[in-house]
Each structure stands twice: as C-alpha cells, then as structure tokens.
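Participant: Structure provided below as structure tokens; questions to follow.
Rule-based calculations on the coordinates, nothing more; no lab input. The shown structure was predicted, so the numbers you read here are calculated from the model rather than taken from an experiment. For neighbour counting, all protein chains shown are included, and Cβ atoms are generated from backbone atoms with ideal geometry for every residue, glycine included.
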Amino acid sequence: MTSTRSFTPTRQGNPCLVCGDIKGKCRQIAEDLNLCMDSSGVLPGLKYLGQTKDGLWAKYLIDDGTEQNQEDRDRHWIEQQQLRAQRAAAETQRHADALPAIERDRLYNQLLNQLPLHPDDRADLHRRGISDEQIKAWGIRSVEQWQPLTQELSHALPGLSLDGRSLITPRPGYLCPIRDVDGLIVGFQIRARASDGGRYYWLTGKTKKRPNGPTPHLSNGELPLVVHRPEQVQREAIPLVEGTGAKPFVLAQKLGLVTIGAAGGQFAASPETLKLTLEQLGIKTIEFYPDAGATQNKSVLRQYRATFKLLLEWGYTVQIAWWGQTDKQLHSDIDELGDLTQIRFLSLAEFNAIALPEPLLEPAQRTDLSDRAYLLWLEEQFKNDDAQAEAHADEDFLSKVFRYFGTGKKRKKTRTRIKVERTAVEQDLGSYAPGRIPEHRQTGTAYKLWYEPGTESVLYQEAIALGFHILDTSRTGSGKTQRAAILFG
C-alpha cells in the first residue's frame, strides 16, 4: 500500500480530476490514482475501484479505454447500495442517540445563565417591538465568535465544542431559543449581527473537522419547530409562519395566538413534529402567513404547497393571511406590518390563483373550489414534478460530469411538456390550475384548456361547480367511469 506521505492534497493548481475540488478534500497518489470525497460509483472517463477502508474516499483511475464488463458494473452497484444503507443506518442511529428534549432543556438553560445580552442585540429586538420583559421571558442571550463558557457543559449538546468550554459560533449574534410544544428548549438558531453568509444559522456540533458532531435534529431525525405562546389566547386558530426567530414570537404577541415557526418555512420537512404539535394543541383551524414576495418564488411556493398538502390530509382547515404582499421590496412581512386590519383570509384556491403568473380572474371570483379538489390537484402536481425530476435526473448528472471531462461536442438541451386538448378553440385559457376556469356566462361558449394527464377529476369538479356541462369523449379505458364515481359518488 502506498504510504500517506505520497498523498497530494487537491489545491488551486492541482484540482481533483473527478469532482474539481480545490479545497484539499480529495487526494492524488502518484499520477493515476485519485481519491475523491465528493463522488462515488462509476463515472465516464474513469475506472471506479471502490471505497477506501475508512469509507471517506472513492478510488478512481484514469480510464485507458477498456470498458467494464457486466460483472464489474453489478459489483459496483451492489457496493453503492451497501454504502448508502450503512450511511443511512449510521445517521438514524446518531439521531436516536441525540439528547432527549428534557435533557437538552436542562443543559441549554445552564448555557443561557452564562451569557449576557449585547447592547446592539437588545437594540435590534427593541426595533422589532420586543420589550425587555418579553426578551427576558423568551430567554434571548448574545454570543461572540467561538463564545467561551465559564462552566463546562456536555460536548454531546449540539453547539458545544469537544472540551465543553466554548460554543461553535463562527459569527457573533444572539441566540433564539427554540421551544417545543411543551415549552422545552430543544435547540437554537443564531441571528448574526452581520448579514454576510446569511442572517440565521443553527447552533450545531457538526463541522468539517467534526463531521459526526451532534446536530440540532430531534431523535426522530427532524429539525425542531418553535412554538410561541402569547400572554392570553384571543381565539381558536394556529398561525404558521416562516422562521424561528423574532417573526413567530412577534406574531404570537400581536395576534394573541399560539404560533408555530419553521426555519426557512420548511414545515413539511418536519412532518412528524408538526403533526404531534398540532394534535397536542387541539385546534383545527390553521392560518398561514406567507412572506412578502413569496408568490414570485417557485421554490418557496413548492414548500408552502407541500405544507398545505399535509394539513389537508390531516383534516385541518387552512386559511391564507393576505395583505397584498406580492413584492418583497414594496410590502412588509407580518412581523413588520403596522395595521393588522389590512389582513383578510383567502382560501387555498384563491391564494393559488394569485401565486400563479398572470391570473385570469380576481381572487374574489375563485370561491367554488373545495379543499378536497385542491388536495387532488396538489397530489397531481407533486406526481408530475417528481416524474419530471426523475426524467431529468440522468441528464442533470451527466451535465455535471461533462463540466469536468468535456463532451467533444455541444449538447442540445431539450425539454418536453405533455398537454392534452379536449375541446374546440374559441378562447385559450392556458395551462390548468385551480381557479383558472372562468365563470360560464355565455351559453355555447367553447374554451381551449391545456392540462397534465391525471388532473381531469380536479378540473371537472371545478368546471361543474361553475356551471359547465362536460362531454368526455376520451377513449375507452382512459378512466371515465372512475372519474364519474369520484365526482358523483
């Protein structure tokens, strides 16, 4: 075996021939053997030799033109499956070994007792309308870079260094305690004083030098959700809002409602925690507060719709808080909104129509689509999105490979979209989505409508509610009977 002295780390003038790394994560031995930390499995232009014994690197040789036989490919595939299973099992075990909520709360309270509150951080909280009494009740404290501690704490606590005498805080700011539905502190996000590198980051023990350090994930593998309670509850509804910092806290106090927040609005990434939290609160009406500009961001909308889908499946009533916040530059988020009388509540279909580009009708006209129909439409959207993602997965992977190795020719990018036309053309309505069918005002008016396969039941239910008569002339075996059973029971 070649000694470690002959390993050459990757750097600016010596990039990894497999992934292009220049930060020293990968290694080169002699002139032909490459150890890559970011890649695994068979790649074009290279011979894959498997993993190193410690599992940190994949071993590659420059391909001399000899093709692998089927036996080699099968062996590599089995090896990859085993590696994925081992990593998944190790990750599951780490989460299962995480400190329980009661123990986290005990140690985190000891941590807060060692920390002050910086004047700049107090001023920022005051600017957000949070009083000194509320700051104290919430438990806000400040941290400096690599914050030292006066009392040693367990290094098994997420965010503690290995010696337990300092925090892993690369940027100064203030700790936002994340309390669960039982009021226990189960984690922290830090609001940095400077916005460079992102305003919020998690307090975690996982770093590049400590890849197996404790993370803020709960024992179920999910990131925690924050639950803020007002001094007095005003009515029976639960607001959901993006963030674990000041925004959900301020909203809870403004509205007098128990409020749930998720980092980045990723409620759907913690489904078990969200479901248990809602069940324990015992309220069936959910008020969702979108950020300003969210209707213009496709990735944010997909997160929202994933959350809506869960809530509808669990039997909750969902209302969307709306104060015209279409533009992030022109409108305020809910925590900065001065006049709460501006807020009105939309149905999911009404919000969906606003979120889609160039809506055909005013939101007030979209009142006939039921939550059940909207859920059916959501399910079809996610199926279509997943199918498209799977269809393009190989192309996306090859694109990354071609960046490193080149193709010898320019690749032509193609994209297909299946659409079905069922009726004569008089008015083109574009692509179907809930809320896009106009009211049926004129007898005999025909419309052209494009829709994805599998969305017919949702489309028909909305059209019938608006007074349309439907003649389904699709071929035998296309599902007409099943659609009729769904629509008319």
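Participant: Considering only Cα-Cα distances, which of the following residue pairs are longer than 27 Å: K247/K328; K23/K53; K25/K47; K47/K206? Could you put the intermediate results ahead of the total?
Facilitator: On the way: K247/K328 15 Å; K23/K53 22 Å; K25/K47 20 Å; K47/K206 32 Å.
Over 27 Å apart, Cα to Cα: K47/K206.
Participant: Through the Karplus equation 6.51 cos²θ - 1.76 cosθ + 1.60, θ set to phi - 60°, convert the phi angles of region 241-257 into ³J(HN,Hα) values in whole Hz; use x for Gly and Pro.
Facilitator: Calculated HN-Hα couplings, in order: 8, 5, x, 10, x, 5, 4, x, 5, 4, 4, 4, 6, 5, 8, x, 10 Hz.
Participant: Here is a follow-up. Which of rounded, prolate or oblate describes region 100-193 when judged by the alpha-carbon gyration tensor and an a/c cut-off of 1.5?
Facilitator: Oblate is the answer for region 100-193, as a/c is 1.5 or above yet b/c matches or exceeds a/b.
Participant: Counting Lys +1, Arg +1, Asp -1, Glu -1, what net charge surrounds Q134 among other residues with beta carbon under 11 Å of its beta carbon?
Facilitator: -1
Participant: Counting alpha carbon pairs within less than 8 Å and at least 6 residues apart, what relative contact order, in whole percent, applies to region 195-270?
Facilitator: 28 percent
Participant: Can you give the extra length, in nm with one decimal, that the chain gains between Q329 and R128 once fully stretched, where that is 0.36 nm per residue apart less the Cα-Cα distance?
Facilitator: Full extension from Q329 to R128 adds 70.5 nm.
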